[in-house]
Amino acid sequence: MIMLRLRLIWNIPASFSDIPEGVPKQEIVKSLGNAVQGKSDYGGKHYYRGPKPPFGTHKYVFKIYVLDITFNLNKNSGKKKLQKAMAGHILQYGTLNGYF
């Protein structure tokens, strides 16, 4: 998996059935029920910049998890910390592979 534009967002309430296009570039996303948007690995900003491969076609993997818990993680938490907090709380998950 290529992690060029890692995006982390957590604590989206179960009442949301989709993530709309154009999520605000904010740490706390009020339009998604006060979900927390972690820092991306592309410039350390709290938003996703979309695919921009340096050359050729790249594979992008999007993962979504249904959890039985909400987190009280720092908004600057990274992927490893989030994965550790999710351990034992995953009810369902899905993966979407995209190529750009």
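The values are calculated or read from the model by the stated rules, or taken from the named source; none is laboratory data. Quick caveat: nothing in here was measured; it's all calculated off a predicted structure. These accessible areas exclude ligands, DNA and RNA; they are computed on the full protein's heavy atoms, side chains included. Shrake-Rupley method; radii C 1.70, N 1.55, O 1.52, S 1.80 Å.
For residue 35, the amide hydrogen comes within under 5 Å of the amide hydrogens of 29, counting only partners 5 or more places away or on other chains and with H modelled in the peptide plane.
Phi-derived couplings, Karplus 6.51 cos²θ - 1.76 cosθ + 1.60 at θ = phi - 60°, listed residue by residue for the stretch 83-92: 4, 5, 5, 6, 3, x, 10, 7, 8, 8 Hz, with x used for Gly and Pro. With all protein chains kept in place, the per residue accessible area of the stretch 51-100 amounts to 80 square angstrom at a probe of 1.4 angstrom. Residues whose amide H falls under 5 Å from that of residue 23, counting only those 5 or more places apart or on a different chain, are absent, with hydrogens built in the peptide plane.
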